[in-house]
Each structure stands twice: as structure tokens, then as C-alpha cells.
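Written below as C-alpha cells is the structure these notes are about.
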Amino acid sequence: MARIIGGYFTSHVPAIGGAIVRGDQEEPYWKPFFDGFPPVRDWLGAERPDVAVCFYNDHGLNFFLDKMPTFAVGAAHEYRNEDEGWGLPLFKSFSGHPDLSWHIIEQLVGDEFDVTTCQSMLVDHALSIPFELAYPKAKEWPLKLVPIAINTVQYPLPSAKRCLALGRAVHRALASWQGAEKIVVIGTGGLSHQLDGERAGFVNPEYDRFCMDSLAANPEAICVDSTKEIVRKSGSQGVEILNWIAARGALGEVPARETHRNYHIPISNTAAATMLLETV
Ligand code: DHB
Ligand code: FE
């Protein structure tokens, strides 16, 4: 049976790519953020997962407003990084794991999650930045990818409760997979931020702390709010916390153990956070 080693959660601000390319990791602006990553690298280096199941949101690169799946699962052999050009080189494609993707898709549809299946899929900064942070200077990615995109962009958005349930269904699918792979679950985006409109620049450290405090032992607490209420509390792009909630769900219903947390304001417009949860 596949083994889920735990979850890696991080913000995915595209400007991080520019900082990596310029080598700004030790600059005063960036250091408090990059300092959150040695424990992530140490853990992944020690555990060496074979597959990443990554919950993220597409930012208009792969799905645009004319066609917006609520939940989309990649089932491709390869996912090209077609990021918007904040400086990171684009040559590193992600290798897929189509057999595992199709198993997850079949289990999800059997579980009444009517997901969109994507046999071709491009990925953007929401996926590439977390990998660059976890595996800096890697010539190629040392693990395969199953990407799961959640609509956090075009209304109506799925509820937090539904995203937690989706994650839990992915957990059941992984538990019934016969392969021996080690799997890391990744959730990207957030925490509070709003990029446009009257509240541009809005962050909410109190709500972020509540989310981080709830994630390991009581993710249901975050799911009490409607999506609109989450937008009110975390900003219109802070709703990317839905990706974190789904990823938490994929760790299963048992409490997880928080082994690392870093939180820093601001990175660009975002209250940036990084966490590790291990399965007990
Ligand atoms: C920023 C944050 C995001 O999550 C994103 O997708 C794009 C930009 C930012 O803070 O600049
Ligand atoms: Fe984003």
C-alpha cells in the first residue's frame, strides 16, 4: 500500500521566482521567508517521497474564465511549466503518474466527486514555486506529480467543507492504491491576501493564525464559514486556503502532527506561510 508521509503547505507568490533567480534569499526583505524552508528540505530529503499529490489553483493559464472546472485532476505523462515569466526558467517539466491519477479519478467519481479529467495540463507558479522552494537547484524534479486544481478564481467557488471532503476522498483513493510509493501531499497558496479592488493589500494575521492553528487537529473549524465569509476574512485571493484544506483532507481524518511553521508579512501582497504536517 502507498504510504502518505505528510503534508507540505506553502504560499506560492510568483515574485519568489524572481528572488530565486536573482539569488536574493539572504536579502532582508526575503530572508524571513526563505528561512522557513530548510526544515522542508531536510524532511523531504530524509523521506524521499516518490510522488507529490498537489492541490493548487490555476491562475488563468490552463483554465480561463470561459471554461472553469471546480475540481480538475491531471492524468498526463508530463506537465509543462508555462509560468507567466517572473524569472524562473521554464525548462523543468513535471513527470506525471498517469496510473495513479486514473486510480484517483476513478475512486473520486465512484465517491460522487464529478471531477474534470485532464490528459493534458499546463502548470503555473502555484505549482512550480513550491517545488523550487523545496528542491532548490534541482536539475529535474525527483518525484512524480499528480496535480489537482481547485477553482479559487471564478465564482461560484466550492465550499471549504466540500474541499475537505474532496481531500478525504483522495485520501481513501490513496489508501486503496496497491503501489508501494511514498506520497507527499502539497497544498499551495494563501494565506491572507487581496491583489485588487478596494481592499488591495489586505491581510489578516488573526485569521491566518486561526487557520494554521486549526489545520493539524481540527480542520473542520475552518470549514464552518461559507466561501464568501472566508473571502471577507482572508481577502479575495486568500481564499486559496481552500487548497490547504483539501490537502489537509488528503492526510486522512486522524489528527496530524504539526512539525514546522513559518509565517511572515509581507511577501509581495501576501501574508506568507509555510507548514509541515506529519501523519502520526
Ligand atoms: C501574489 C500572490 C498570489 O497567490 C498570486 O497567485 C499572485 C500574486 C502576490 O502577493 O503578489
Ligand atoms: Fe495565487
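The values are calculated or read from the model by the stated rules, or taken from the named source; none is laboratory data. Bear in mind that the values here come from a model prediction, so they are computed numbers and not experimental data. Positions of Cβ are generated from backbone atoms using ideal geometry, with glycine treated the same way; all protein chains shown enter the neighbour counts. Please note that ligands, DNA and RNA were not included when accessible areas were found on the heavy atoms of the full protein model with its side chains. Shrake-Rupley method; radii C 1.70, N 1.55, O 1.52, S 1.80 Å.
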Discussion item. Looking at (1) within 16 Å of ligand 1 (Cβ to nearest atom); (2) more than 17 Å from ALA15 (Cβ to Cβ), which one does PHE131 not meet, given that it meets all the others?
Written reply: (2)
Worksheet item: Of the residues ALA221, ALA250, which single one is small (Gly, Ala, Ser), more than 16 Å from ligand 1 (Cβ to nearest atom) and either farther than 30 Å from SER176 by Cα or surrounded by 24 or more Cβ atoms within 10 Å (Cβ to Cβ) (or both)?
Response: ALA250
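Examine region 189-206 for a residue that is among the hydroxyl-bearing types (Ser, Thr, Tyr) and either under 15 Å from the mean Cα position of the chain (by Cα) or farther than 16 Å from THR10 by Cβ (or both), and state whether such a residue exists.
Yes, because at least one residue in region 189-206 is among the hydroxyl-bearing types (Ser, Thr, Tyr) and either under 15 Å from the mean Cα position of the chain (by Cα) or farther than 16 Å from THR10 by Cβ (or both).
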Item to complete: Give me the pairs, please: first residue somewhere in region 126-152 and charged (D, E, K, R), second residue anywhere and open to solvent by less than 20 Å² (accessible area, probe 1.4 Å), beta-carbon distance under 6 Å, and either six or more positions apart or on two chains.
Response: LYS144/VAL51
Worksheet item: Are any residues in region 157-169 touching a residue at least 40 places away in the same chain (Cβ under 8 Å) and of a type outside the set (S, T, N, Q), and if so, which ones?
Response: LEU157, PRO158, ALA160, LYS161, CYS163, LEU164, ALA165, LEU166, GLY167, ARG168, ALA169
Item to complete: Please go through region 177-192 and pick out each residue that is within 15 Å of ligand 2 (Cβ to nearest atom) and at negative phi.
Response: ILE186, GLY187, THR188, LEU191, SER192
Practice prompt. Test GLU240 against the criterion of being surrounded by fewer than 24 Cβ atoms within 10 Å (Cβ to Cβ) and closer than 26 Å to VAL170 by Cα, and give yes or no.
Written response: no
Response to the item:
Expected single match for touching a strand residue (DSSP E or B) at 6+ places or on another chain (Cβ under 6 Å), surrounded by fewer than 18 Cβ atoms within 10 Å (Cβ to Cβ) and at pLDDT 95 or above among LYS144, LYS182 is LYS182
Worksheet item: Somewhere in region 79-98, is a residue farther than 19 Å from THR188 by Cβ, buried (at least 20 other Cβ atoms within 10 Å of the Cβ) and of a type outside the set (Asp, Glu)?
Response: no
Worksheet, complete the sentence: Within region 98-144, the count of residues that are farther than 25 Å from LYS67 by Cα and of a type outside the set (Ser, Thr, Tyr) comes to 16
Fill in: Top-ranked residue of region 28-82 - restricted to ones that are within 16 Å of ligand 1 (Cβ to nearest atom), in a strand (DSSP E or B) and not aromatic (Phe, Trp, Tyr), ranked as farthest from the chain's Cα centre (by Cα)
ASN81
Worksheet item: Looking only at residues in region 6-30 that are more than 16 Å from ligand 2 (Cβ to nearest atom) and closer than 27 Å to GLY179 by Cα, which one is surrounded by the fewest Cβ atoms within 10 Å (Cβ to Cβ)?
Response: GLY6
Worksheet, complete the sentence: When restricted to PHE55, PHE33, PHE94, the only residue more than 25 Å from LEU157 (Cβ to Cβ), modelled with pLDDT of 95 or more and within 16 Å of ligand 2 (Cβ to nearest atom) is PHE33
